[in-house]
Amino acid sequence: MTTILHAMLGKGLGGLEQVFLDYQPILEAWAERRGGRCVGVVRRGGKVAAAQVNREPPLAAMPALTDWDPITVGAARTLVNRHRPSVILSHGQRPARVFDKVAPADVVRAVCLHKPSFDVTPGAHYVCVGQHLADLAIARGAPADHVWFVPNAVQPPRAEAAPFARGEGPVRIVAAGRLHPKKGFDILIHAVGKLRAWDYEVTCDIAGEGEARDGLEALIRELDLESCVTLKGWTDDVQGFLATGDLFAFPSHQEGFPLTLLEAMSVGLPVVASEIDGPLEILTDGVDGRLVPDDDPDRLAEALAELISDRDTARRLAAEARRLVLTQYSPGELKRRLEAALDGMTSRT
């Protein structure tokens with residue numbers, strides 16, 4: 001019998017939380033075929049716990065104060081003693097550190113890596129959403145046979161974009177993500193200012209919330225862009241929001257394997273993204289999107305302007321991007337890769 005504790009202690013409903021939710025039914029089915037079960041563990045008071053309150057089977061909720069807090073560690077110990085897992089799969093460092101303190105020696109410990117800030121622990125396995133993260137784990141000392149590349153996936157889109165189909169009015173640039181400095185939305189706002197200065201009629205809608213909102217609003221006022229740049233707040237239908245655009249901009253400074261970029265590609269939007277780890281693994285410049293140097297509003301504006309001016313090329317890139325995502329980053333591909341990783345972990349002696 002194989003029982004899994006599947007832990008994610010994030011507060012919000014961002015990319016990490018979505019990956020956890022994507023994994024959960026795959027892990028439940030995999031464990032059930034082996035006579036066991038998968039218990040999903042989330043942060044008490046977090047948004048996932050609230051959103052999934054009526055889920056069947058239910059998720060377990062635990063406190064997540066600090067990595068060393070005795071209440072948090074005690075709750076993890078209670079879960080381990082109650083369910084006696086043979087596998088503990090954690091998303092990120094906090095649950096990994098907490099459960100490392102209470103896991104019996106014979107438990108398979110795995111950590112899903114979403115970003116490059118992580119520690120390598122002897123004996124642990126690493127499920128990496130990006131190949132660059134897998135390479136980094138090995139470089140930091142993880143054995144190659146304990147590192148598994150499982151790229152993120154997106155659900156089949158419920159909406160499809162029609163870039164430039166309106167014919168009249170401004171071109172609509174869309175973006176989405178947590179309003180955080182690492183997402184580079186200030187770079188996008190500067191790029192929109194440049195497009196307007198070059199007499200391109202554009203608007204830009206950014207969906208998301210976060211601590212950078214006040215600074216971004218001040219920048220919009222400073223550049224006199226209140227009439228064309230809008231911070232829309234968060235939306236429960238990201239794909240539906242993206243499908244209303246003509247172009248998608250992704251100016252992030254750091255990513256693992258960005259779900260929002262995959263979602264924009266899946267709905268058929270032409271995309272322009274920062275040339276950083278994550279997008280570099282997904283996009284080929286000039287084939288299924290455009291890549292531009294990180295932290296460079298001039299190059300971002302130029303790439304957007306080129307696609308606005310050459311709409312046939314923009315639509316061709318969008319169609320190829322959509323085909324790529326629907327074939328290589330589908331839920332079925334995620335299931336196949338994640339199950340292969342689990343089979344490999346549990347077959348080790």
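The values are calculated or read from the model by the stated rules, or taken from the named source; none is laboratory data. Small disclaimer: the values here were computed from a predicted structure and weren't measured. Using ideal geometry, Cβ is built from the backbone for each residue, glycine included, and neighbour counts are taken over all protein chains shown.
Residues in region 289-300 include at least one that is farther than 23 Å from VAL19 by Cβ, free of Cβ contacts under 8 Å to residues at least 40 places away in the same chain and in a helix (DSSP H, G or I). Residues that are surrounded by fewer than 19 Cβ atoms within 10 Å (Cβ to Cβ) and over 20 Å from ASP106 (Cα atoms) within region 28-45 comprise GLU28, ALA29, GLU32, ARG33, ARG44, GLY45, listed in sequence order. The single condition among (1) farther than 17 Å from GLY256 by Cα; (2) touching a residue at least 24 places away in the same chain (Cβ under 8 Å); (3) part of a helix (DSSP H, G or I); (4) not acidic (Asp, Glu) that GLY268 does not meet is (3). Restricting LEU300, LEU261 to those that are buried (at least 22 other Cβ atoms within 10 Å of the Cβ), under 17 Å from the mean Cα position of the chain (by Cα) and aliphatic (A, V, I, L, M) reduces the list to LEU261. For the structure I just gave you, tell me whether GLY210 is of a type outside the set (Val, Ile, Thr) and surrounded by fewer than 23 Cβ atoms within 10 Å (Cβ to Cβ). In short, yes.
When VAL154 is tested against the conditions (1) within 20 Å of ASP343 (Cα to Cα); (2) within 16 Å of the chain's Cα centre (by Cα); (3) of a type in the set (A, V, I, L, M, F, W, C), the lone failure is (1). If I filter region 277-287 for residues that are in contact (Cβ under 8 Å) with a residue 40 or more places away in the chain and closer than 23 Å to SER309 by Cα, do I get at least one hit? For region 277-287, residues in contact (Cβ under 8 Å) with a residue 40 or more places away in the chain and closer than 23 Å to SER309 by Cα: absent. State the number of residues belonging to region 1-23 that are surrounded by 14 or more Cβ atoms within 10 Å (Cβ to Cβ) and either free of Cβ contacts under 8 Å to residues at least 24 places away in the same chain or touching a Ser or Thr at 6+ places or on another chain (Cβ under 9 Å) (or both). Residues that pass the stated criteria total 9. ALA134 - would you say it is surrounded by 15 or more Cβ atoms within 10 Å (Cβ to Cβ), out of contact with any helix residue (DSSP H, G or I) (no Cβ under 8 Å at 6 or more places or on another chain) and either outside the structural domain of ASP343 (by TED's automatic domain parsing) or of a type outside the set (Asp, Glu) (or both)? It is true that ALA134 is surrounded by 15 or more Cβ atoms within 10 Å (Cβ to Cβ), out of contact with any helix residue (DSSP H, G or I) (no Cβ under 8 Å at 6 or more places or on another chain) and either outside the structural domain of ASP343 (by TED's automatic domain parsing) or of a type outside the set (Asp, Glu) (or both). When the residues of region 46-91 are filtered to those that are out of contact with any Leu (no Cβ under 6 Å at 6 or more places or on another chain) and basic (Lys, Arg), which remaining residue is surrounded by the most Cβ atoms within 10 Å (Cβ to Cβ)? So the residue we want is ARG77. The single condition from (1) surrounded by fewer than 19 Cβ atoms within 10 Å (Cβ to Cβ); (2) outside any loop (DSSP other than H, G, I, E, B) that CYS204 fails is (1). Against the criterion of being over 25 Å from ALA137 (Cβ atoms), modelled with pLDDT of 95 or more and either not in a strand (DSSP E or B) or not aromatic (Phe, Trp, Tyr) (or both), ALA7 does not qualify.
Filtering region 71-100 to residues that are modelled with pLDDT of 95 or more and not in a helix (DSSP H, G or I) leaves ARG84, PRO85, SER86, VAL87, ILE88, LEU89, SER90, HIS91.
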